[in-house]
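Take a look at the structure below.
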Amino acid sequence: QVQLVESGGGLVQAGGSLRLSCAASGRTFSMYPMGWFRQAPEKERELVASISSLGVDKLYADSVAGRFIVSRDNAKRTVYLQMNSLKPEDTAVYFCASPKYTTWPVGRYDFWGQGTQVTVSS
């Protein structure tokens, strides 16, 4: 059973930084891409960033490109989202996710964490 557990959310002022972590268990972590999503109140869930299994390829939403950095440590079975220059519109619940299959880019994410709240005050 794949389990994903996020941490690192919190309250930060605009312009500040946070680093989210997602610890994975239940299968060979290094074989699978990972993604970070977010969902703000009354908005659809959106893909923020994704990273290939070995961390070579990365994709970002236009809204976060240049401010957020996705990375992974396969030895620690953990994926990270470094969020810089945060804006109030980044306020959302952030989820990490992983697909059932190893293909890249990812077509569908099948496993989800419980989410961590990020609130950016103006």
Which whole-number percent gives the relative contact order of the chain, counting Cα pairs below 8 Å spaced six or more residues apart? 35
Residue 56 to residue 13: extension gain in nm, 0.36 nm per residue of separation minus the Cα-Cα distance? 12.3 nm
Bridge orientation stat for the chain from DSSP, antiparallel percent rounded to 5, came to 90
How large is ³J(HN,Hα) for each residue in segment 8-14, as worked out from phi by the Karplus curve 6.51 cos²θ - 1.76 cosθ + 1.60 (θ = phi - 60°), to whole Hz, x for Gly and Pro? x, x, x, 9, 9, 7, 4
Accessible area per residue, Å², segment 1-116 with all protein chains present, probe 1.4 Å: 52
Rounded to the nearest 20 Debye, what is the dipole magnitude of the chain about its Cα centre when Lys and Arg each give +1 and Asp and Glu each give -1 at the C-beta? 320
Whole-Hz couplings from phi, Karplus 6.51/-1.76/1.60, listed for segment 93-101; x for Gly and Pro: 8, 9, 10, 9, 8, 9, x, 6, 10
Which residues does a label at residue 44 reach in segment 58-98, if reach means a backbone N under 16 Å from a point 7 Å past the Cα toward the Cβ? 61-63
Scattering profile of segment 82-122 at q = 0.27 Å⁻¹ [log10 I(q)/I(0), Debye over alpha-carbon scatterers]: -0.89
Extension reserve of the residue 101-residue 27 stretch, reckoned as 0.36 nm per residue once the Cα distance is removed: 25.5 nm
Segment 54-117 - Debye-derived log10 I(q)/I(0), Cα point model, q = 0.13, 0.14, 0.26 Å⁻¹: -0.41, -0.48, -1.49
Ratio for segment 1-71, C-alpha Rg to 2.2 N^0.38 Å, reads 1.20
In terms of modelled amide H atoms, which long-range or inter-chain residues lie less than 5 Å from the amide H of residue 72? 80
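The values are calculated or read from the model by the stated rules, or taken from the named source; none is laboratory data. If you're wondering where the values come from, they're calculated on a predicted model, not measured in any experiment. Reconstructed Cβ throughout: ideal geometry from the backbone, glycine too, with neighbour counts over all protein chains shown. Ligands, DNA and RNA are stripped out before the accessible areas are found, and what is left, the full protein with its side chains, is counted by its heavy atoms. Shrake-Rupley method; radii C 1.70, N 1.55, O 1.52, S 1.80 Å.
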